[in-house]
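S.K.: Encoded as structure tokens, here's the structure I'll be asking about.
The values are calculated or read from the model by the stated rules, or taken from the named source; none is laboratory data. Just so it is clear, the structure is predicted and the values come from calculations on it, not from any experiment. Positions of Cβ are generated from backbone atoms using ideal geometry, with glycine treated the same way; all protein chains shown enter the neighbour counts. With ligands, DNA and RNA removed, areas are computed over all heavy atoms of the protein, side chains included. Shrake-Rupley method; radii C 1.70, N 1.55, O 1.52, S 1.80 Å.
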Protein chains: 2
Amino acid sequence: LPNRIRKSDVVVIGGGAIGLAIAWRAAQRGLGVTLLERGRFGEGTSRVAAGMLAPIAEARPTEQPLLHLNQASVKAYPGFADELSEASGMDVGYLRCGTLVAARDRDDAEALERELEMRLALGLPVSRLRASEARRLEPALAPSLRLALEVADDHAIDPRLLTAALVEAGLRAGARLRAGAEVATVEVSPRNRVSGVRLTDGEVLETEHVVIAGGVWSEAIEGIPHEARVPIRPVKGQILRLHDPSGAGLVSHIVRIAGSYIVPRGDGRYVLGATMEERGFDTAVTAGATFELLREVIEVVPGVSELVIDEVSAGLRPATPDNAPAIGPTSVHGLWWAAGHHRNGILLTPITAEIVAGMLVGEQRPELAAAFAPARFARGAAQSSTRRDRLMPVGA
Amino acid sequence: LPNRIRKSDVVVIGGGAIGLAIAWRAAQRGLGVTLLERGRFGEGTSRVAAGMLAPIAEARPTEQPLLHLNQASVKAYPGFADELSEASGMDVGYLRCGTLVAARDRDDAEALERELEMRLALGLPVSRLRASEARRLEPALAPSLRLALEVADDHAIDPRLLTAALVEAGLRAGARLRAGAEVATVEVSPRNRVSGVRLTDGEVLETEHVVIAGGVWSEAIEGIPHEARVPIRPVKGQILRLHDPSGAGLVSHIVRIAGSYIVPRGDGRYVLGATMEERGFDTAVTAGATFELLREVIEVVPGVSELVIDEVSAGLRPATPDNAPAIGPTSVHGLWWAAGHHRNGILLTPITAEIVAGMLVGEQRPELAAAFAPARFARGAAQSSTRRDRLMPVGA
């Protein structure tokens, strides 16, 4: 039925974790919500994500506003997971596993000492473990281990269970969730106000509010005035999913080593990641990346050799020019961003949904979110549009 | 239609490369052939095989009868491939690529010098290449290369194209090829003569000749008297399939390194293998095996890092106690074996089919095949039956 007109209070574009959570939260607040997903729910970047909730292990001293946002979201996670689990009737795979950061050699150990000092200076709860102490916590760690940091509060969630539960909770809350619905254009009136969205099949949905939560695919959406655009580039991450035929127990913490990590699911399944590559929209799995990930993790947890490989895949993290998310309204009335979460999409899902749903019903922007206003990219928008044309043909 | 009776001159059990080739060749000689495959054609061990035709690179001085059989088959391959291609109207993926055996370090180089001497003593056509000469032939070889052997006559075929063409050629020659038809029992009369086979669904096929070409699954067939059984154990091989997004040209020869190899398909696709593991019927792909295969091959051909992984899989080589195949008749009249080809199944497909089809129509056993008579396992048969019960529950 092309060209029929539908009316929603808010249209959310993007059916990954962020978009689905916003749709759920907005519907809970009484809004008439339609979510449009070009493919299937949760099958873009969310499906590939490992699901580490690791603001402390990943803290950078130069990114304090992001650290605070991350910490607020991680603090909200237990309640969010419980509520979502109850609202959906589904397990969301939240695992209080804690994290160990491992040093394999003297260079790693020196770097880790600096990481420890930085975190202590920021008042973050980390502790230094001698190799023997770390191996008491995780006997599968290699004898060659030099040093470890314990980050007791960095946990994990299974993003595939999370998105499945968000779909169910959103539907139960009354949101209209549509898969296979690709947005061509956001329609903006001459008075600089959102009036609707037009799908690629010609269908038009009337609405006064549009939330762009399309991750790396957000840039393909036409009709957004330059001053309200957020440049987003894909950062490729290759990742392996494995399981232990002898059951759970190889490692019970997330173990991080330099650029790599192994995340336990608690049931004998593990996720091993991840590369950081700037290669446009390429999602090929390469021999070199698989080799390097296995090499780093097997060196620190030799028992990983015995795990069975279930899946090798690559996802595209959506990154803005400053690698921090764009959350909130723009200079176009009714046009909102909730995208560009880079490495922190799953982690920031609860707080992003809370902020956006709250502001949609008229709440003030929380102080915490001030640094993430989309307006900070207003000047670079024209430039970004050029880059997009180079990286991604229309329709890709 | 259970329990109906069908009559064939010969029933071939097993729809891999060996069984399909026998069915084709036997039908060409005017026999009424029915082939029974428990799953789908060519989707067992044949589907995983790399397809190296490498009797010279793999020659062992203690296995001269096998070397001669291998050489006869490799000599028959060009004609076999041409005839099959014409009979089926399909490309069979035969590639005259030649083989380089590479030495990475001094230990490898010393071992390779001994391999060279052994082959020269056996009169095999191999040549010693300095690293610079090898890199002139294959510029992608690592600068750290120490030495290489060139085996100009060891080529490759694509086993998936081979089995697809054999299905088509067999059908065109009038063979009855049945997928999804699992044999429960070979029926042997009190006069020690094959009378038919019974499928797991109860159907009975009358026949005076049964050829067992079921690879590692042959041992699940009931009803074969102990003195006519061949013990076959699975030897697991893990393997990777990759492609080069920039097209063909990374390597044009098969490159072998210690236990690993990379086989080019000539079109930018590559096969990288393979482990040798005795783990029963396990076909899991493990992190450790993938890591080791990539490590060995990337060390010698660094450009493999850039290849895209299309498939990781594991197959089961069918191995007899002496690791040589069982080809020919048994003490039970009408019961034949064509199984246990271990690493050489694809290589030995032409000669095995020729020998079995010829003997089925009354030709003498060729001298070449004398060492591979199934009777050499007659004494060990009872023992094998015990091992099978341990490794593989009935129906596995």
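S.K.: Does at least one position in the stretch A:208-231 carry a residue that is at pLDDT 95 or above, basic (K, R) and surrounded by fewer than 24 Cβ atoms within 10 Å (Cβ to Cβ)?
M.R.: no
S.K.: Checking A:T286 against (1) out of contact with any helix residue (DSSP H, G or I) (no Cβ under 6 Å at 6 or more places or on another chain); (2) more than 12 Å from every other protein chain (Cβ to nearest Cβ); (3) over 25 Å from A:S73 (Cβ atoms), only one condition comes out false. Which one?
M.R.: Only one criterion in (1) out of contact with any helix residue (DSSP H, G or I) (no Cβ under 6 Å at 6 or more places or on another chain); (2) more than 12 Å from every other protein chain (Cβ to nearest Cβ); (3) over 25 Å from A:S73 (Cβ atoms) is unmet by A:T286, namely (2).
S.K.: Kindly check whether there is at least one residue in the stretch B:182-198 that is closer than 30 Å to B:E86 by Cα, buried (at least 20 other Cβ atoms within 10 Å of the Cβ), touching a strand residue (DSSP E or B) at 6+ places or on another chain (Cβ under 7 Å) and modelled with pLDDT of 95 or more. I'd like the intermediate steps shown before the answer.
M.R.: Taking the stretch B:182-198 and keeping what is closer than 30 Å to B:E86 by Cα, we get none.
Looking for residues that are closer than 30 Å to B:E86 by Cα, buried (at least 20 other Cβ atoms within 10 Å of the Cβ), touching a strand residue (DSSP E or B) at 6+ places or on another chain (Cβ under 7 Å) and modelled with pLDDT of 95 or more, one finds none in the stretch B:182-198, hence no.
S.K.: Follow-up question, since we're still on this one. Look at A:R160 and say whether it is under 21 Å from A:T45 (Cβ atoms) and open to solvent by 20 Å² or more (accessible area, probe 1.4 Å).
M.R.: Numbers: under 21 Å from A:T45 (Cβ atoms): yes; open to solvent by 20 Å² or more (accessible area, probe 1.4 Å): yes.
So A:R160 passes the test.
S.K.: Please verify whether B:D82 is surrounded by fewer than 18 Cβ atoms within 10 Å (Cβ to Cβ) and within 18 Å of B:E296 (Cβ to Cβ), treating the condition exactly as stated. I'd like the intermediate steps shown before the answer.
M.R.: Values: surrounded by fewer than 18 Cβ atoms within 10 Å (Cβ to Cβ): yes; within 18 Å of B:E296 (Cβ to Cβ): no.
The answer is no for B:D82.
S.K.: Starting from residues that are in contact with a Ser or Thr (Cβ under 8 Å, 6 or more places away or on another chain) and small (G, A, S), keep the ones in the stretch A:24-58 and report whichever is farthest from A:P318 (Cα to Cα).
M.R.: Only one residue fits best here, namely A:G32.
S.K.: I'd like to check which strands (runs of 3 or more DSSP E) are fully inside the stretch A:111-198 and have at least 1 residues that are more than 29 Å from A:V263 (Cβ to Cβ) and in contact (Cβ under 8 Å) with a residue 60 or more places away in the chain.
M.R.: Here the list reads A:176-179, A:183-188.
Results for (1) within 23 Å of B:R269 (Cβ to Cβ); (2) without any contact (Cβ under 8 Å) to a residue 60 or more places away in the chain, shown as yes or no for each residue.
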residue: A:R295; (1), (2): no, yes
residue: A:I298; (1), (2): no, yes
residue: A:V301; (1), (2): no, no
residue: A:I309; (1), (2): yes, no
residue: A:A314; (1), (2): yes, no
residue: A:P318; (1), (2): no, no
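S.K.: A follow-up question, please. Restricting attention to the stretch B:28-55, which residues are farther than 19 Å from B:L240 by Cβ and open to solvent by 10 Å² or more (accessible area, probe 1.4 Å)?
M.R.: First, pick out the residues of the stretch B:28-55 that are farther than 19 Å from B:L240 by Cβ: B:28-42, B:53, B:55.
The answer is B:Q28, B:R29, B:G30, B:L31, B:G32, B:E37, B:R38, B:G39, B:R40, B:F41.
S.K.: Taking the stretch A:294-309 as the region of interest, how many residues are more than 8 Å from chain B (Cβ to nearest Cβ) and open to solvent by 10 Å² or more (accessible area, probe 1.4 Å)?
M.R.: The number of residues fulfilling the criteria is 4.
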